[in-house]
Amino acid sequence: PVAAFRKFARAVMGIPDDVDMSTCPGFFAVLEVYLGILVAVYATHLGGDAVSRETADGTDEFLFVRPLPRGRILAAKLVAAAVYLALFCALNLAVSYAAFRGLGLPESPGAGTLGVMLDFTWWLALLGLVFLALGALFAAVCRRPERGARAGNLCVLVAYLSGVVQEMFSDREPVATIARVLSPFRYFLAPDLVSGVFEPGFVALALGTAAVGLRVAFVRFDSRALVPR
């Protein structure tokens, strides 16, 4: 049983203490924790590539000689990245629900299994939006694309480790609160999502973080040299 693992092991593996894995929503919640890591890495690279792909490939002169503002070009690329992210989340929802129906599992009480899956899909979308913005920010701030990619990956790692700290010290304040604020993975907790609860403060924090990250990315991208030195 999961309870046989030490709390540190459960925290590192992303298994929340307050989720019953013997139920379909609980088991799905743990699976979505792992998918959240994948979405974070994917979104970070989408955001970074939107900013620095031409610089990395050496094709800047073919794109930025067009009579368009840099900000407009970047905005179009970020919108395309967001569409890819949305399709990823939608595909996960469709495949998950199809698997649930195919296995003939019993419906969850309350909002039902589809409602739980929809809540986790919104969580994945918000999580991806935050890391998309952070990936764009680091790519715009760093002069070289490889440095921006490393900074984005390090951000994902730090966020996940902060989530582990939050899970480990969930009963100790203010450590748990500080760690939760530093980890987008813990803005919305698995037991809350199973119950259909989104804390407004953390919704605002996620959207605010994404807005600030994108704003800084646009400002830095508009003023930086396109050819790294």
message = Using a Förster radius of 30 Å, what is the FRET efficiency between Ala80 and Leu161 based on their Cβ-Cβ separation? Nearest 0.05, please.
response = 0.45
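Hey, what's segment 79-229 come to in accessible area per residue, 1.4 Å probe, Å²? Spell out each step's value before the answer.
Values: 7790 Å² over 151 residues.
Each residue of segment 79-229 exposes 52 Å² on average to a 1.4 Å probe.
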inquiry  = Would you report the distance distribution of C-alpha pairs in the chain as whole percents per 5 angstrom bin, up to the bin with the largest distance?
reply    = 1, 7, 14, 17, 17, 14, 11, 8, 6, 4, 2, 0, 0
ask   = Using alpha carbon coordinates only, what is the Rg to Rh ratio of segment 64-195, with Rh defined as the Kirkwood radius?
value = 1.07
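Evaluate E = 1/(1 + (r/R0)^6) for Val203 and Leu114, where r is the Cβ-Cβ distance and R0 equals 22 Å; express this FRET efficiency to the nearest 0.05.
Numbers: r = 21 Å, r/R0 = 0.97.
Given R0 = 22 Å and the Cβ-Cβ separation, E is 0.55.
Using r as the Cβ-Cβ distance of Arg53 and Arg101, and R0 as 35 Å, what FRET efficiency do you calculate, to the nearest 0.05? List each step's numbers first, then the result.
Working: r = 39 Å, r/R0 = 1.11.
Between Arg53 and Arg101 the formula returns 0.35.
Using a probe of 1.4 angstrom, how much of the accessible area of the chain is carbon and sulfur, in percent?
Numbers: 8160 of 11970 Å².
It is 68 percent, rounded to a whole number.
Only Cα pairs under 8 Å and at least 6 apart count here; give the relative contact order of the chain as a rounded whole percent. Let's see the in-between values first.
Details: 266 pairs, mean separation 69.0, N = 229.
30 percent.
Given N residues in segment 159-214, what is its alpha carbon radius of gyration divided by 2.2 N^0.38 Å?
Details: Rg = 11.4 Å, N = 56, 2.2 N^0.38 = 10.2 Å.
Scaled against compact globular proteins, the figure is 1.12.
The values are calculated or read from the model by the stated rules, or taken from the named source; none is laboratory data. Treat the numbers as computed from the prediction; the structure is a model and nothing was measured. Neighbour counts are summed over all protein chains in view; Cβ atoms, including those assigned to glycine, are modelled from backbone coordinates with ideal geometry. Ligands, DNA and RNA are excluded from the accessible area calculation, which covers all protein heavy atoms including side chains. Shrake-Rupley method; radii C 1.70, N 1.55, O 1.52, S 1.80 Å.
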